[in-house]
1. Report, ordered by the first and then the second residue, all pairs with beta carbons closer than 9 Å, sequence separation of six or more or different chains, a first member in region 1-25 that is under 13 Å from residue 36 (Cβ atoms), and a second member that is of a type in the set (Lys, Arg).
2. Using beta carbons and a limit of 7 Å, which pairs, at least six apart or on different chains, have the first residue in region 37-59 and open to solvent by 100 Å² or more (accessible area, probe 1.4 Å) and the second one not in a helix (DSSP H, G or I)?
3. Conditions first: (1) surrounded by 10 or more Cβ atoms within 10 Å (Cβ to Cβ); (2) at positive phi; (3) of a type outside the set (Phe, Trp, Tyr). Residue 20 passes all but one, so which condition is the exception?
4. Among the residues of region 1-41, which ones are under 24 Å from the mean Cα position of the chain (by Cα) and among the charged types (D, E, K, R)?
Amino acid sequence: MTVTLSIKKVPQPLVTRLRRRAAAHHRSLQGELLSILEEALVPKRATISEVQKQLAKLGLRTADQSARMIREDRDAR
């Protein structure tokens, strides 16, 4: 099922830029907007360093400690 979306009050300079972008990609304005939406919604893949930073920020343990974590979990049973 498809849905029709509408964007109101788009500033003319933005419309001009979108039309140029669409022409550069040999697409209609609608095709270009759909392409932009699809690209924006693709899940971003994090790099290893980004994941490590996020883990550190959350206070989670790293892979170096995994064997100890498993052992602690088993011993607690």
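The values are calculated or read from the model by the stated rules, or taken from the named source; none is laboratory data. Here the structure is a predicted model, which is why all the values come from computation and not from measurement. No Cβ is skipped: glycine too gets one built from the backbone with ideal geometry, and neighbour counts run over all protein chains shown. For accessibility, only protein heavy atoms count, side chains too; no ligands or nucleic acids. Shrake-Rupley method; radii C 1.70, N 1.55, O 1.52, S 1.80 Å.
1. 21/27
2. none
3. Just one mismatch for residue 20, condition (2).
4. 17, 21, 27, 32, 38, 39
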